[in-house]
Amino acid sequence: MDQAKRERLEAKGWKVGTVSEFLELTPQETTLIAIKLALSCNLKERRQKLMTQVELAEKIHSSQPRVAKAENGDASVSIELLIRAMLATGATPQEIGQIIAQAG
């Protein structure tokens, strides 16, 4: 948002801030969310090139709806499941580490 727009909104009584400020997230919570979203997006890209959600679900002993949730950044999906799914698509630990490092 440009500075002029911000000033106009604030002059009319609006409070302007980030999502993290609005939700009162700690820096650690914000980073964790960024990491999970980065893993989710990368998982979806990798999986679409290689297999269906059903095939991935079978590889990780999960369900297709769970894979869909993982790919869409659902908060109920653990980082462990995201990493297991990434590994099942052929990602190396180094690639997963790079995704995490770039997100944080």
- Message: For the range 33-56, give me each residue that is of a type in the set (A, V, I, L, M, F, W, C) and free of Cβ contacts under 8 Å to residues at least 40 places away in the same chain.
- Response: I33, C41, M51, V54, L56
- Note on the structure: Given the conditions (1) out of contact with any Ser or Thr (no Cβ under 7 Å at 6 or more places or on another chain); (2) among the aliphatic types (A, V, I, L, M); (3) assigned to a helix (DSSP H, G or I), every one holds for L82 apart from (1)
- Task: Within the range 85-104, track down each residue that is part of a helix (DSSP H, G or I), within 19 Å of L32 (Cα to Cα) and either over 16 Å from the mean Cα position of the chain (by Cα) or not polar (S, T, N, Q) (or both).
- Result: A85, M86, P93, Q94, E95, I96, G97, I99, I100, A101, A103
- Message: Take residues that are more than 21 Å from the chain's Cα centre (by Cα), more than 24 Å from I99 (Cβ to Cβ) and modelled with pLDDT of 90 or more and tell me which of the helices (runs of 4 or more DSSP H) falling wholly in the range 1-76 contain 1 or more.
- Response: 3-11
- Lone qualifier among E58, E29, E21 - being of a type in the set (D, E) and closer than 22 Å to L87 by Cβ: E58
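Okay, residues lined up against (1) surrounded by fewer than 18 Cβ atoms within 10 Å (Cβ to Cβ); (2) aliphatic (A, V, I, L, M); (3) in contact with a Phe, Trp or Tyr (Cβ under 8 Å, 6 or more places away or on another chain):
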{"position": "D2", "(1), (2), (3)": "yes, no, no"}
{"position": "E24", "(1), (2), (3)": "yes, no, no"}
{"position": "P27", "(1), (2), (3)": "yes, no, no"}
{"position": "S40", "(1), (2), (3)": "no, no, no"}
{"position": "E58", "(1), (2), (3)": "yes, no, no"}
{"position": "V67", "(1), (2), (3)": "no, yes, no"}
{"position": "L81", "(1), (2), (3)": "no, yes, no"}
{"position": "A88", "(1), (2), (3)": "no, yes, no"}
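The values are calculated or read from the model by the stated rules, or taken from the named source; none is laboratory data. Keep in mind that what you see is a predicted model, and the values were worked out from it rather than measured. Every residue, glycine as well, gets a Cβ built from its backbone with ideal geometry; the counts of neighbours run over all protein chains shown.
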